[in-house]
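To start, the structure itself, in structure tokens.
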Amino acid sequence: AAERRGEDGRPWIERALQDFEAGLRAAPHALPFLYNTASARAYRGELRAKAGEDPADDHAAALQGFSAALAVNPAFWQARQARGMLHARLGNVADACADYAAALAINKSLAEVAARLAALRSRGGVR
């Protein structure tokens, strides 16, 4: 499938990242900009990995962004869930389990997170 592009010809993820990063420069501690920028970086990293490119910079920036969002609001379970998913993709099982468990401690109704945590634990992940 062809990558979606905007009217300016740039891939949509690049335009989205530019907008989120502009917002982050204007409001460096704004939770929506921290979270959305981190999510976009994680997604761009996945796109780069699929294209055979090195996603390490994007993944590192995404982890840092999710952590920054949690520094602003430790109860923001969405950032814990997203950071846990990225840790799991990167093979950081202990970190993924910790983030999933923390997200569940905040919001016990997260069935998908509970299932991901159980799956990691069943494969020898941290308790």
Requested in this report: In whole Hz, with x marking every Gly and Pro, tabulate ³J(HN,Hα) for region 107-122 from phi via Karplus 6.51 cos²θ - 1.76 cosθ + 1.60, θ = phi - 60°.
Outcome: 9, 6, 8, 7, 4, 5, 5, 4, 5, 5, 5, 4, 5, 5, 5, 5
Query - Identified option (computed log10 I(q)/I(0) by the Debye sum over Cα atoms at q = 0.11, 0.12, 0.22 Å⁻¹; candidates (i) -0.41, -0.49, -1.23; (ii) -0.65, -0.71, -1.21; (iii) -0.30, -0.36, -1.41) - result: (i)
Query raised in the report: Over region 17-62, what is the relative contact order in whole percent, taking alpha-carbon pairs under 8 Å and six or more residues apart?
Result: 32
Query - Carbon + sulfur, % of accessible area of the chain - ligands and nucleic acids excluded, 1.4 Å - result: 54
Query raised in the report: So what is the relative contact order of the chain, in percent, for Cα pairs below 8 Å that sit 6 or more residues apart?
Result: 15
Query raised in the report: How many Å² of accessible area per residue for the chain, probe 1.4 Å?
Result: 57
Report task. For the chain, find the longest principal axis of its Cα atoms and tell me its angle to the long axis of helix 77-89, 0 to 90°, nearest 10. Result -> 90
Report task. May I ask for the angle, rounded to the nearest 10°, between helix 93-106 and the longest principal axis of the chain, with both axes built from Cα atoms and the value confined to 0 to 90°? Result -> 80
Query raised in the report: Which whole-angstrom value gives the distance between the alpha carbon centres of region 100-123 and region 55-83?
Result: 17
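The values are calculated or read from the model by the stated rules, or taken from the named source; none is laboratory data. These numbers come from a predicted model, not from an experiment. Each accessible area value is taken on the protein alone, full model and side chains, heavy atoms only, with ligands, DNA and RNA left out. Shrake-Rupley method; radii C 1.70, N 1.55, O 1.52, S 1.80 Å.
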